[in-house]
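Take a look at the structure set out below.
The values are calculated or read from the model by the stated rules, or taken from the named source; none is laboratory data. A quick note: this is a predicted structure, and the numbers were derived from the prediction, not measured. Cβ: placed from backbone, ideal geometry, glycine included. Neighbour counts: every protein chain shown. Each accessible area value is taken on the protein alone, full model and side chains, heavy atoms only, with ligands, DNA and RNA left out. Shrake-Rupley method; radii C 1.70, N 1.55, O 1.52, S 1.80 Å.
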Amino acid sequence: MNYRQATLLATKQITTAATETISLAGLDAISRVYAVIELTNNGNNPTNHPLAAMSKIDIVDGSDVIASMSGYGAQAMSYYDLGKMPHNELNYEDNGVARVCVPINFGRFLWDPLLALVPARFRNLQLRIAHNYALGGCSPDNAYLRVFADMFDEKQVSPIGYMQNQEIFSYTPATSGIEYIELPVDNDIRKIVVMNVNDNEEPDVEFESIMIDEAKGKHVIVDCMTMDLIRRSAEVYERFSECCSGHLLATTADEFWLSASKDIQVGGLCDTNDAILTFTWTGGRSRSFYGSAATFFGANVSGRCPHGAVPILFGDQSNPDDWWKVSEAGEARIRLTARSSAAIDTEKTTDLMVQGIQRY
């Protein structure tokens with residue numbers, strides 16, 4: 001067989017906050033690793049998106065960082081890699097199980113023979129997953145984690161490198177605040193993703209405009225409103241849909257956490273004949289759901305900008321020779337400007353992720 005799926009961590013109960021460390025040494029070339037977290041809800045009152053249970057996913061070789069993102073960041077980056085949202089089950093029912101899948105891709109697509117992670121090229125490659133089950137879902141009283149790798153088996157490949165995904169900077173935005181961030185210049189950059197996982201505001205509020213330049217403004221690469229970037233990405237990426245379920249008390253609104261944070265549309269059904277469901281626009285990734293009678297419901301949710309993330313793409317995404325050769329500039333930076341209004345929500349940080357090619 002050319003390929004195989006390997007279990008890196010069999011299903012493990014994770015009812016104590018910790019960091020799981022998994023050795024990748026000695027494995028065949030890896031196209032993708034992904035982790036699945038399951039949370040068993042204890043009640044019907046949502047506290048956060050289930051993915052809040054995974055705070056960080058890193059791959060390191062000693063002090064060298066191969067990949068480093070939050071669970072939110074890894075899902076958003078994968079969506080902008082493949083055009084498909086990783087599968088989430090947004091189940092907020094008592095005793096129901098919420099599930100999230102968190103991938104890290106090392107190639108332009110699954111089974112990319114040109115770009116893959118080759119453990120043999122490293123000394124002590126490790127995957128580390130930081131988790132706290134109590135932070136997501138509905139006050140869960142049980143949780144499980146399992147981890148897989150999609151690997152090349154009998155097919156012989158000679159990758160020239162791998163996609164390196166890293167969160168390089170994080171800060172708290174302020175009204176009209178301007179943040180300059182120096183970009184790494186050691187590898188060609190395929191894309192940059194700016195993200196603010198905000199409950200109350202959409203990304204084009206938290207960072208309203210984006211400028212990227214070389215040599216401190218001598219050569220401007222991007223200079224536009226964030227909403228213009230969202231419109232451009234809509235030409236490349238379809239809206240994604242997810243299922244959300246939960247329980248509502250009579251005439252009492254409750255807040256439910258979704259993955260989309262822009263252009264959200266919600267439609268739902270309930271199991272009570274005379275109940276009327278209302279979904280109130282509230283901005284950001286959370287939505288207020290209301291039932292005219294106590295009822296269980298199931299909703300289909302669609303939207304854009306997973307977890308408040310907006311992409312900036314450089315060149316033909318399928319052609320490594322066409323990506324931003326930032327090393328030739330010697331110096332590059334990005335400027336993020338928040339909206340000049342009281343709408344800025346400082347509850348969440350704005351995070352900057354860079355995807356580049358690391359050659360062997």
Check your understanding: In segment 64-122, carbon and sulfur make up what percent of the accessible area (probe 1.4 Å)?
Key -> 51 percent
Revision key, fill the gap. Over the chain, with neighbouring protein chains present, the accessible area per residue in Å² at probe 1.4 Å is 40 Å²
Check your understanding: Among PHE256, PHE109, what's the order by accessible area (1.4 angstrom probe), most exposed first?
Key -> PHE109, PHE256
Review point. Hey, could you pull the Cα Rg and Dmax for the chain, both in Å?
Key: 20.8, 65
Review point. Counting Lys and Arg as +1 and Asp and Glu as -1, each charge on the Cβ, what is the dipole of the chain about the Cα centre in debye, to the nearest 20?
Key: 580 debye
Practice item. Quote the accessible area belonging to LEU8 in square angstrom, nearest 10, computed with a 1.4 Å probe and with ligands, DNA and RNA left uncounted. Key: 40 Å²
Study note, to complete from the structure: Put SER233, SER341 in order of accessible area, largest first, probe 1.4 Å, and you get SER341, SER233
Practice item. Considering only lysines 8 or more places apart in sequence, or on different chains, count the pairs in the chain whose C-alpha atoms sit under 26 Å apart. Key: 17
Revision key, fill the gap. The chain: longest segment with zero exposed trypsin sites (Lys or Arg not before Pro), where exposed means DSSP loop plus at most 14 other C-beta atoms within 10 Å, is residues 240-324
Review point. Of all the accessible heavy-atom surface of segment 177-222, with the other protein chains kept in place and a 1.4 Å probe, what percent is carbon and sulfur?
Key: 49 percent
Point to revise | Accessible-area value, SER292, 1.4 Å probe, nucleic acids and ligands omitted, Å² | key: 40 Å²
Check your understanding: Assuming R0 = 41 Å, what is the FRET efficiency of ALA343 and HIS219, from their Cβ-Cβ distance, to the nearest 0.05?
Key -> 0.80
Check your understanding: How far, in nm, would the chain grow between THR15 and SER158 when pulled straight, counting 0.36 nm per residue and subtracting the alpha carbon separation?
Key -> 47.4 nm
Point to revise | Carbon and sulfur %, accessible surface of segment 1-51 computed with the full protein complex present, 1.4 Å | key: 42 percent
Review point. Taking a probe of 1.4 angstrom, what is the accessible area of TYR237 in Å², to the nearest 10?
Key: 20 Å²
Revision key, fill the gap. Ranking ASP141, ASP186 from most to least accessible area with a 1.4 Å probe gives ASP186, ASP141
